[in-house]
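Colleague: One structure coming up, written as structure tokens, with questions to follow.
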Amino acid sequence: MKKYWQLLLIAGVIVVTLSVHYIQVVNAKNTDYKFTFEKISGDDNYLDSVVIEANVDYGAGYGSVLISEEETTLMDSSPYNRRPLVFQKLIDEHKSFMRGKALIANNYFEDDTKLVFVKDPEEAWKVKEGETYSYKVDVLDKVKDTTSSFEIKSQLKSRLNWVFYIDITVVDNELKLLVKQVNHDGREQLYQVMIDLKKQQLLSETLIEEVASDENTRASIDSYNTNFNLGHERYHVYSVNSYDQKNPEQHILSREFHALNTETNEVTAIQLPEGLEQKLQSIAVDDNYLVIAYTESTEKVIYRYNIGQQRWLEPLKFPQPMNSNIELNGMSAINGKLYVMNEMDDNYVLQIFDVEKGIVLYEGKLSNNNIKQNYSIWADNFYDLTE
């Protein structure tokens, strides 16, 4: 009996010690993750609706945060429990519909009247030669507050390693999926799939691009539209890439850009200005514009391509402070504005541009005086809460 009480006492001490330590760690984290903005130029009213979803690393600590002008919110740093802001909103507003669904933004479409979710094919690598997978669609009618579900068999039959959706949109009641397949032999294929939402019928599965690797080159298809825009996007921009397999760093041999008009289903080529292909640091797509940015030791350069007019605008060039890192720590284009974050010696600079006009709307320092050692921030996403 005496040993029993000793064990209980020891267990109690351990629990109390761990609890106190956990509370201290949480309090320390909440204190550490407090970021503030200091305006350099422009109108700081543009910060009112901005939220930066970022990862912060300062050696002894790591965390995921939401940074706004008013506050910094520490998120659960576990990748399995994190809920990006876009999903938290969907869960709050449509809890029943969202229950049990994967939090993968490319699988959702939302407008004023409906919310659509298409489930990724499960274990696609188990699909045998001559068999196929299914498109499983859930639709929430936001006006009637009703849901419907249906499943349609694909007509695509090949041995697969995996299948995933790159983009989903709805045009005139037609659900349009961009589907990327990686076949058993290593070939990558990009399909546009069209489904009639009203009749719940498969309309077409059209091959847009196909690439294959060999012993000398590795080929891939990459997309550049933001993952967290759940609404309709007129254009989807992707590239077909070739890399040198024999070089340890797999230097790029070629990169061809294309724009798919999701309304007309037409694909047009985008010719990069000479020399830009080797300087691609950050790429973003917003409505009618493809934006490419890179930094050098003395300047930051931003290229803008009007997709509808198929023309490049004059590149924007801004002096780069001498104590800045030439790597960009995050870039995103939303609602006609471009958000760019760049590391300095002891803080970060956030710049907000008007994409079409090519002017700086706001520039300011983002810093944290509570973290005494060197720290790094990487911006995963920028949100404009006015949308």
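The values are calculated or read from the model by the stated rules, or taken from the named source; none is laboratory data. Computed from a predicted model, the values in this text were never measured in an experiment. Ideal geometry is used to build each Cβ from the backbone, glycine not excepted, and the neighbour counts take in all protein chains shown.
Colleague: Of all strands (runs of 3 or more DSSP E) completely enclosed by the stretch 282-336, which ones contain at least 3 residues that are of a type in the set (Gly, Ala, Ser)?
Modeller: 328-334
Colleague: Let me ask you something else. What tally of residues in the stretch 135-168 results from selecting those that are surrounded by 13 or more Cβ atoms within 10 Å (Cβ to Cβ) and touching a strand residue (DSSP E or B) at 6+ places or on another chain (Cβ under 7 Å)?
Modeller: Residues meeting the conditions: 23.
Colleague: Ok, one more. Is the stretch 371-379 home to any residue that is of a type in the set (Phe, Trp, Tyr), touching a strand residue (DSSP E or B) at 6+ places or on another chain (Cβ under 7 Å) and assigned to a strand (DSSP E or B)?
Modeller: Checking the stretch 371-379: at least one residue is of a type in the set (Phe, Trp, Tyr), touching a strand residue (DSSP E or B) at 6+ places or on another chain (Cβ under 7 Å) and assigned to a strand (DSSP E or B).
Colleague: Among the residues of the stretch 370-379, is there at least one that is of a type in the set (Lys, Arg) and surrounded by fewer than 17 Cβ atoms within 10 Å (Cβ to Cβ)? Walk me through it before giving the result.
Modeller: The first filter runs over the stretch 370-379 and keeps only residues of a type in the set (Lys, Arg), leaving 372.
In the following step, the residues that additionally are surrounded by fewer than 17 Cβ atoms within 10 Å (Cβ to Cβ) were identified as 372.
Yes, because at least one residue in the stretch 370-379 is of a type in the set (Lys, Arg) and surrounded by fewer than 17 Cβ atoms within 10 Å (Cβ to Cβ).
Colleague: In the stretch 243-275, which residues are out of contact with any helix residue (DSSP H, G or I) (no Cβ under 9 Å at 6 or more places or on another chain), in a strand (DSSP E or B), surrounded by 14 or more Cβ atoms within 10 Å (Cβ to Cβ) and not β-branched (Val, Ile, Thr)?
Modeller: Tyr243, Asp244, Leu253, Glu256, Phe257, His258, Ala259, Leu260, Asn261
Colleague: Right, another one. Do any strands (runs of 3 or more DSSP E) entirely within the stretch 70-139 hold 2 or more residues that are at pLDDT 90 or above, over 17 Å from the mean Cα position of the chain (by Cα) and within 30 Å of Asp185 (Cβ to Cβ), and if so, which?
Modeller: 114-119
Residue by residue, here is whether (1) of a type in the set (A, V, I, L, M, F, W, C); (2) at pLDDT 95 or above holds:
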site: His258; (1), (2): no, yes
site: Gly275; (1), (2): no, no
site: Gln281; (1), (2): no, no
site: Val291; (1), (2): yes, yes
site: Ser297; (1), (2): no, no
site: Ser324; (1), (2): no, no
site: Asn342; (1), (2): no, no
site: Asp345; (1), (2): no, no
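Colleague: Could I ask something else about it? Of everything in the stretch 169-186 that's buried (at least 20 other Cβ atoms within 10 Å of the Cβ) and more than 16 Å from Leu207 (Cα to Cα), which residue is nearest to the chain's Cα centre (by Cα)?
Modeller: Only one residue tops the list, namely Thr169.
Colleague: Out of the stretch 194-219, which residues are of a type in the set (S, T, N, Q) and either assigned to a strand (DSSP E or B) or at pLDDT 95 or above (or both)?
Modeller: Gln200, Gln201, Ser204, Thr206, Thr217
Colleague: In the stretch 187-212, which residue that is touching a Lys or Arg at 6+ places or on another chain (Cβ under 9 Å) and over 18 Å from Tyr165 (Cβ atoms) is surrounded by the most Cβ atoms within 10 Å (Cβ to Cβ)?
Modeller: We begin by selecting, within the stretch 187-212, every residue touching a Lys or Arg at 6+ places or on another chain (Cβ under 9 Å); these are 188-195, 197, 202, 210-212.
From the residues that got through so far, the ones that are over 18 Å from Tyr165 (Cβ atoms) too are 211-212.
Details: Val211: 17, Ala212: 13.
Applying the filter and picking the extreme gives Val211.
Colleague: Could you tell me whether Ser282 is under 21 Å from the mean Cα position of the chain (by Cα) and touching a residue at least 12 places away in the same chain (Cβ under 8 Å)?
Modeller: yes
Colleague: Scan the stretch 337-370 for residues that are assigned to a loop (DSSP other than H, G, I, E, B), touching a residue at least 60 places away in the same chain (Cβ under 8 Å) and of a type in the set (D, E, K, R) and jot them down.
Modeller: Correct list: Glu356 only.
Colleague: Let me ask you something else. Mind checking which residues of the stretch 108-133 are surrounded by 10 or more Cβ atoms within 10 Å (Cβ to Cβ) and within 19 Å of Asn173 (Cβ to Cβ)?
Modeller: Result: Tyr108, Phe109, Glu110, Asp111, Thr113, Lys114, Leu115, Val116, Phe117, Val118.
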